[in-house]
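Structure first, then comments.
The values are calculated or read from the model by the stated rules, or taken from the named source; none is laboratory data. Treat the numbers as computed from the prediction; the structure is a model and nothing was measured. In this analysis, Cβ positions are derived from the backbone assuming ideal geometry, glycine residues included, and neighbour counts consider all displayed protein chains.
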Amino acid sequence: MSSTFILSLFLPYTIDFHDSGRERPPSPPPRRPTVQRLQSKLASGAGTTADLKASLFEDPTAPQSPLEQKREEFFAQFNLERQNHFKQPADRSVVRNDAFSSDFGAAAQYFNQPKSRAGPLPSGNILDYAKIQEQVNQSQTASRKVSPPNAKSSRKGSHERSFENKTWTVETAIQGNGGLTNAIQATASSGTGFDKIWVGTLGFPTDALLDDRKNEISEKLESEYESLTVFCTDRDLDGHYTHFCKTILWPVFHYQIPDHPKSKAYEDHSWKFYKAVNQAFADKVISSYKRGDIIWVNDYHLLLVPGMIRSKLPDAQIGFFLHTAFPSSEVFRCLSARKELLDGMLGANLVAFQTREYANHFLQTCARLLTVEVTGDGVASGERWVNVTHQPIGIDPAAMKLARELPGVDEWILQLQERYKGKFLIVARDQLDHVRGVRQKLLAFELFLNKYPQYRDKVVLIQVATSTTENGELLATVSDISTRIDSVYSTLAHQPLVFLKQDISIPQYVALLTVADCLMITSLREGMNLTPHEFVLCQDGTASEKKHAPIILSEFTGSAMVFGDSCLQINPWDYKQTADAIKTAVDMSEAEKERRHNKARNLVHHYTGNYWAENLVKELDKVHSEHYRRDTSAIPRLNLAQLIDKYKTADRRIFILDYEGTLASFGGDNTTLTPLQRVIDTLNELLSDRRNIVYVMSLRTPEDLQSLFHKVPLVGLIAENGSFLREYGASQDEWIAFTDLEATTKWKKDVRRVLQYYAERVEGSSIEERHCSLVFRYEKAEDIEAARSQAGDCANHINDSCDMYDIHAVPVGKSILVESVSFSKGTAATNIFSRLREKNVNVKGLKNPDFLMVAGDDREDETIFEWANELGDKGVIRDVTTVHVGKRNTCAKTTITQGTSGLLTVLEKLAKVSTEGVDAADYFSGRKASISAG
């Protein structure tokens, strides 16, 4: 049975170390009175119920009034519950959909784990670049030396010995992608036979652990938790995550180009560490892979892994899903390693994103930066085709139901309802970073209070802000805004803004979503925020009555694409619009709330985590099977003996043969090639048999083809990739045009201006004009790489701005071909076959075609392969042979590995099989007479 490898930077499990022979150390005593002390105080008569149910959310570091001192007592309960909640056994079923923390070492405040021994990384100064590269290479070479299988690491220092003497337990990790974890767990427990294997790091530095201890941990995780542990050096992890992922990739993927003086957007030492960690993941999968296994790589931490695995496992079934946003090409191109990152992602069979917008950005970026052919379905990457799709991740309603039933949820609901009785409660929970829009949210709320004074004593915003280690400046800014709001609008009985700079436990979080009158999310850019999904399910009710509270949601989140008009979508940069949205939410009627809620609930129950995972696996299986069928290594060679047998028994035969790259070596320039005498002779020999009809197709103009094949008078011709047709047996100038030449002249005029713009910037380039197409050629450019970059921009420019003309720009060799999308070699072949059947040409007993052979070499020929295969599958033509001459993936049923020479050899042997002694000229004249009579 095949397994599915789920690759994510963090495993859903981690390790907690304990002193040998002792239980887990107790949590450190809280700084404030515990809930037990408060209850004792209440029982003794020294306190009141109000003491226990005072305000939940206050900044404990602010100067305290007597009222605030009472409120602070509740924080003791709040913080203690939060600490104890996150230290739960690894078999618990409730996992947060958003990561509590994403930093290596952040779990140290909840678990006893080693500290990093990475030390300071090399200088980020660009002037030290060459020296740093040598140091990094030497360091990584030394770190990859493999010890003998039975060798034991030497003990280095008391820190290692202290962890060697400790016992350890497997715990649920607090960092990582909770949404991914819940989706995979739901799919694994759905009874569909989904066999998962997690692949990731433990989420803490491991240099302090001896090899024996690492082996113990990895063996237990593999045998009991279906997890493969990736061990990387602390230096590699720190350089990979803290420096490359968080300093370079994360800002760029969220449209925040690091253009400040401390920017590391140039290629610094951290790129080496990023590659090293990606290689460690790839090596772990490669060593455990079995034929038939599925490999799913997740998120921006592992962009290179698909390509690394593909280089070693060319037939593997690999999918990649990006959980974050993907920026436009203008932003992505700022990365110095842009090509390597794209090539890494294109190692997958299927690349998937949260929304169509991000998928389109990726396609546009590939077209522009790699100068490759791109369609709405995928990317032509070398000789492979990579499919691109989008599928929004969801949550597991069953897991959310368990969360609503956790101990403490109902108590918190009751306390919150009593504390904020009569208030309109807006809730928000965000990580305090530059992409979540917390600053914009507070400024909009401040504007709301100023613009609508009638609501100042009725509305409360509770903002939970989970901190990171690199948000000092932002924290100071939002704290200033919070203080200003508090000083201007707070009264002794009312506090409109509660700003909590710490996270909350799941029971508190669920209770908050349940009692809320509105959820507010103002992210500036986000792949998919799952908080609205959880909010909708919590609003369906737990111990309290059902509510249908509205959602204010940033249009720049993937969630906005899912929920549509079921939420109030806002531009977080438009403070006035956001303030008005708050008023709309406050004034919304119950009927409108219910309408929006019902629609949102249906979406949440449809786009679940299980639905996401199952659909991606099905889509990957589908495209992998298609890729395998189209891979030339899986397509059988043309069997000449069988072909000759079919040829002999056929009464009427049609040959449709591509010219460039198939009958003759491809000519990349715009000169008219003279076909080899062997090609002319072969075609004439085939046409000497009265049962044969031969067409040659090309991207060249009708005039070029007439000049090329004037010595083959009977041959039919397809010019400019299907825009023109000269029927078999027609005179030299009897061409049929399928395109509207007047409309073509119009779009060519506009497109030529675009091509001229780029031609002026690429020395040695030229523009070739045909009847129904334009070609931008740069094969003679002095700087090919610069020219290729300009060509990518050119194709992207045309595809974006000229869509109304029903044309597209496609990279072909060292040129860009601009042509109509309505006509192709496939449409021309359809016209050929239709005309033959309509005329019912019956010369000397000939019947409808019962033999069809199509040969081609490039992607333009795929349309005619598909057309021919369909005729064969439906039995319209008895014997159909599609032949691919080349190495590119194809839907042709057979291949010829000897290239043009091999195809000509096959055609020559067919021509010599049987001619029945019919003279070509006599046959041609007789056929024309029959057509005229018909």
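So here's what we get for this one:
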| item | result |
| --- | --- |
| Criterion: of a type outside the set (Lys, Arg) and crowded, with 22+ Cβ neighbours inside 10 Å - qualifying residue of Tyr255, Tyr241 | Tyr241 |
| Test: Ser311 is surrounded by fewer than 17 Cβ atoms within 10 Å (Cβ to Cβ) and either free of Cβ contacts under 8 Å to residues at least 24 places away in the same chain or hydrophobic (A, V, I, L, M, F, W, C) (or both) | no |
| Residue within the stretch 526-543 that is within 25 Å of Val438 (Cβ to Cβ) and part of a strand (DSSP E or B) present | yes |
| Scope the stretch 577-593; condition of a type outside the set (A, V, I, L, M) and either surrounded by 13 or more Cβ atoms within 10 Å (Cβ to Cβ) or under 14 Å from Tyr455 (Cβ atoms) (or both); matching residues | Gln577, Thr578, Asp580, Lys583, Thr584, Asp587, Glu592, Lys593 |
| Pair list, Cβ under 7 Å, 6 or more apart: the stretch 607-620 residue surrounded by fewer than 21 Cβ atoms within 10 Å (Cβ to Cβ), other residue assigned to a helix (DSSP H, G or I) | Tyr607/Val562; Glu614/Thr187 |
| Close pairs (8 angstrom Cβ cut-off, 6 or more residues apart or separate chains): not assigned by TED's automatic domain parsing to the domain that holds Trp385 in the stretch 887-900, of a type in the set (Phe, Trp, Tyr) and in a helix (DSSP H, G or I) anywhere | Thr890/Phe865; Cys891/Phe865; Ala892/Phe865 |
| Selection from the stretch 678-695 of residues that are of a type outside the set (A, V, I, L, M, F, W, C) and in contact with a Phe, Trp or Tyr (Cβ under 6 Å, 6 or more places away or on another chain) | Arg690 |
| Residues that are among the β-branched types (Val, Ile, Thr) and either in a loop (DSSP other than H, G, I, E, B) or without any contact (Cβ under 8 Å) to a residue 60 or more places away in the chain (or both), drawn from the stretch 179-223 | Thr192, Thr206 |
| Given (1) touching a residue at least 12 places away in the same chain (Cβ under 8 Å); (2) in contact with an Asp or Glu (Cβ under 9 Å, 6 or more places away or on another chain); (3) of a type outside the set (A, V, I, L, M); (4) surrounded by fewer than 17 Cβ atoms within 10 Å (Cβ to Cβ), index of the condition Ser707 fails | (2) |
| Hits in the stretch 401-433 - residues which are closer than 21 Å to Met528 by Cβ and either small (Gly, Ala, Ser) or buried (at least 21 other Cβ atoms within 10 Å of the Cβ) (or both) | Ala403, Val427, Ala428, Arg429, Asp430, Asp433 |
| Residue among Ala786, Ala795 that alone is of a type in the set (A, V, I, L, M, F, W, C), surrounded by fewer than 18 Cβ atoms within 10 Å (Cβ to Cβ), more than 30 Å from Arg652 (Cβ to Cβ) and under 33 Å from the mean Cα position of the chain (by Cα) | Ala786 |
| Looking only at the stretch 798-840, and only at residues there that are assigned to a helix (DSSP H, G or I) and aliphatic (A, V, I, L, M), the one that is surrounded by the fewest Cβ atoms within 10 Å (Cβ to Cβ) | Met804 |
| Residue within the stretch 740-760 that is at pLDDT below 90, in contact with a Ser or Thr (Cβ under 6 Å, 6 or more places away or on another chain), in a loop (DSSP other than H, G, I, E, B) and within 13 Å of Glu819 (Cα to Cα) present | no |
| Matching entry among Asp681, Asp645 (being modelled with pLDDT of 90 or more, farther than 16 Å from Val880 by Cα, assigned to a helix (DSSP H, G or I) and not basic (Lys, Arg)) | Asp681 |
| Filtered residue count, the stretch 323-339, keeping only those that are within 17 Å of the chain's Cα centre (by Cα) and either surrounded by 22 or more Cβ atoms within 10 Å (Cβ to Cβ) or part of a helix (DSSP H, G or I) (or both) | 8 |
| Conditions (1) assigned to a strand (DSSP E or B); (2) buried (at least 23 other Cβ atoms within 10 Å of the Cβ); (3) not basic (Lys, Arg): number failed by Asn387 | (2) |
| Of residues in the stretch 421-438 being among the aliphatic types (A, V, I, L, M) and in contact with an Asp or Glu (Cβ under 6 Å, 6 or more places away or on another chain), the one modelled with the lowest pLDDT | Val438 |
| Check on Val562, in contact with a Phe, Trp or Tyr (Cβ under 8 Å, 6 or more places away or on another chain) and buried (at least 23 other Cβ atoms within 10 Å of the Cβ) | yes |
| Index of the failed condition, His597 passing every other in (1) under 30 Å from Ala560 (Cα atoms); (2) out of contact with any helix residue (DSSP H, G or I) (no Cβ under 9 Å at 6 or more places or on another chain) | (2) |
| Of residues in the stretch 858-896 being more than 13 Å from Ile656 (Cα to Cα) and of a type in the set (A, V, I, L, M, F, W, C), the one surrounded by the fewest Cβ atoms within 10 Å (Cβ to Cβ) | Val876 |
| Failed condition for Arg429, given (1) part of a strand (DSSP E or B); (2) out of contact with any Leu (no Cβ under 7 Å at 6 or more places or on another chain); (3) farther than 27 Å from Asn298 by Cβ | (3) |
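Yes/no matrix, rows are residues, columns are (1) in contact with a Ser or Thr (Cβ under 6 Å, 6 or more places away or on another chain); (2) among the hydrophobic types (A, V, I, L, M, F, W, C); (3) part of a helix (DSSP H, G or I):
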site: His434; (1), (2), (3): no, no, no
site: Ile462; (1), (2), (3): no, yes, no
site: Glu473; (1), (2), (3): no, no, yes
site: Ser487; (1), (2), (3): no, no, yes
site: Pro507; (1), (2), (3): no, no, yes
site: Leu524; (1), (2), (3): no, yes, no
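Every residue, every condition in (1) part of a strand (DSSP E or B); (2) assigned by TED's automatic domain parsing to the domain that holds Asn349; (3) modelled with pLDDT under 90; (4) of a type in the set (S, T, N, Q), yes or no:
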{"position": "Thr247", "(1), (2), (3), (4)": "no, yes, yes, yes"}
{"position": "Asp259", "(1), (2), (3), (4)": "no, yes, yes, no"}
{"position": "Tyr274", "(1), (2), (3), (4)": "no, yes, no, no"}
{"position": "Val277", "(1), (2), (3), (4)": "no, yes, no, no"}
{"position": "Ile286", "(1), (2), (3), (4)": "no, yes, no, no"}
{"position": "Gly292", "(1), (2), (3), (4)": "no, yes, no, no"}
{"position": "His301", "(1), (2), (3), (4)": "no, yes, no, no"}
{"position": "Ile318", "(1), (2), (3), (4)": "yes, yes, no, no"}
